[in-house]
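What follows is calculated from the coordinates using simple rules that are stated; it is not laboratory data. Note that the structure is predicted; figures quoted are calculated from it, not measured. When we count neighbours, we look across all protein chains shown, and the Cβ atoms used for this are built from the backbone with ideal geometry, even at glycine.
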């Protein structure tokens, strides 16, 4: 799969993108994100679609960090508490299982020491698209 710099989540050239920069921790990946008003849902709360994007991207990057290529086949999000605007947000992703062409992953969003949302996903391993 070809990745360019226009990905909404991680592309540095996308003027409206999230510009996520993931670091490989060995156990998974992490990135910091500062929610800005342009991504707001209700007043002072990050939009649920952006939360979903953050988690999906964290898990996808965890898969890439393990040397795999995959596409999301199933995604389940658990919204635990609102992710507030203008507060540093930590996004984590890790691979929990690889079996055949199936990769299972886990992601979470944390602010001020509290887990605000979690996700699990199944990814289907691909060679090239």
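What is the extension gain from residue 38 to residue 127, computed as 0.36 nm multiplied by their sequence separation minus the C-alpha to C-alpha distance, in nm to one decimal?
Additional length available on full extension: 28.5 nm.
Order of 115, 50, 109 from fewest to most other C-beta atoms within 10 Å?
115, 50, 109
If one computes the Cα centroid of the stretch 8-62 and of the stretch 87-118, what distance in Å separates the two points?
Cα centroid of the stretch 8-62 versus Cα centroid of the stretch 87-118: 12 Å apart.
With N set to the residue count of the stretch 23-125, report its C-alpha Rg divided by 2.2 N^0.38 Å to two decimal places.
1.05
Could you work out the relative contact order of the chain, using alpha carbon pairs under 8 angstrom and six or more residues apart, expressed as a whole percent?
Value for the chain: 25 percent.
List 112, 96 from most exposed to least, where exposure is judged by having the fewest other Cβ atoms within 10 Å.
Listed from fewest to most nearby Cβ atoms, that is 112, 96.
Order by neighbour count: 106, 68, fewest other Cβ atoms within 10 Å first, most last.
68, 106
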